[in-house]
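What follows is a single structure, written as structure tokens, with notes after it.
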Amino acid sequence: MDNIIQLKQDQITIPYQNGGLKELVSALAEQTEGLGIDEALTLLAARFPGQVTFSTSFSIEDQVITHAIASRDIPITLFTLDTGRLFPEVLETVELSELRYGVRIRLVAPEAAEVEQLVARDGVYGFRHAVENRKACCEIRKVRPLNRELKGAQGWISGLRREHSDERADVKLAAWDEAHALIKVNPVADWSTQDLTAYIAANNVPVNPLHARGFVSIGCAPCTRAIQPGEHPRAGRWWWENEEKKECGLHMNPNRGGKAA
Ligand code: SF4
């Protein structure tokens, strides 16, 4: 059992397969500099046809990106990590977005056997009792499915923003992602919260109804709560843990020695 749920870096690192791709990052960053989000994503999809994918968590950032992709029919696939612990409101937002934009968003599930073995070992809410348990849960329900989904892709779009945290303050619009051997593109990296809300209002973009109830950064239901005005946007995630341990391992920052972004 332990060989399945034990965290092993060599199991989550995908071998480098895209010869020459790494060298394209700086050129791509230059080409997309100053472009609007629609133009930047169109250019990216044209440069790597059929090889660009977008992981959405239905955050306000991700809904802006979804709108940009879907309203212009940009050929980029959309998927989300269905951890089995999502809020019903997130699933409602999946359907609302699919109906609004006429797209299908792939729900990527963890391996059932791994989840069963994890729960058998740690209990149904075992992630509450130790940071190691929580990281094992995030590894099985999020990190490994993400790695499987990104295998073979050349471009990965995410909604990271510099405003999110000190750790994300140097997030680039386009950067090499060593762990997945692809170009990671963060098209709203330099957007402010005001920029996002203005775009959402102007384009009538559907948003997760939990935002109106004080939820800002939204992950799995048992690990997310609403925050108070003035609290850090990620204060509602894994609130029982120390600040420096509060990442799930999906976004690692190459500028910080591979630590969480
Ligand atoms: Fe598990 Fe919580 Fe991580 Fe979701 S956020 S994968 S429930 S530990």
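What follows draws every value from the coordinates through simple rules; no lab data is involved. Treat the numbers as computed from the prediction; the structure is a model and nothing was measured. Neighbour counts run over all protein chains shown; Cβ positions are idealised from the backbone, glycine included.
Computed from phi, the 3J(HN,Hα) profile of the stretch 226-234 under the Karplus parametrisation 6.51, -1.76, 1.60 (θ = phi - 60°) reads 5, 10, 8, x, x, 6, 4, x, 9 Hz, with x in place of Gly and Pro.
When L24, L41, L86 are sorted by how many other C-beta atoms sit within 10 angstrom of their C-beta, beginning with the fewest, the order is L24, L86, L41. Among T224, T193, sorting on how many other beta-carbon atoms sit within 10 Å of each Cβ, with the fewest leading, yields T193, T224. Net charge dipole, the stretch 103-261: roughly 300 debye, given to the nearest 20, about the Cα centre with Cβ charges of +1 for Lys and Arg and -1 for Asp and Glu.
Using helices alone, what [θ] at 222 nm do you get for the chain, with -39,500 (n - 2.57) per DSSP H run of 4 or more residues, divided over all residues and rounded to the nearest 500? Present the calculation step by step, with values, prior to reporting the outcome.
Details: 10 runs with 90 residues, N = 261.
Using -39500 (n - 2.57) per qualifying helix, the result is -9500 deg cm²/dmol.
Considering only G126, C223, V90, and ranking their Cα positions along the charge dipole of the chain that arises from unit charges at the beta-carbon of Lys, Arg, Asp and Glu, the one farthest toward the positive end is G126.
Distance from the C-alpha centroid of the stretch 111-131 to that of the stretch 37-70: 33 Å, rounded to the whole angstrom. Counted by neighbouring Cβ atoms within 10 Å, the residues D166, D177 run from fewest to most as D166, D177.
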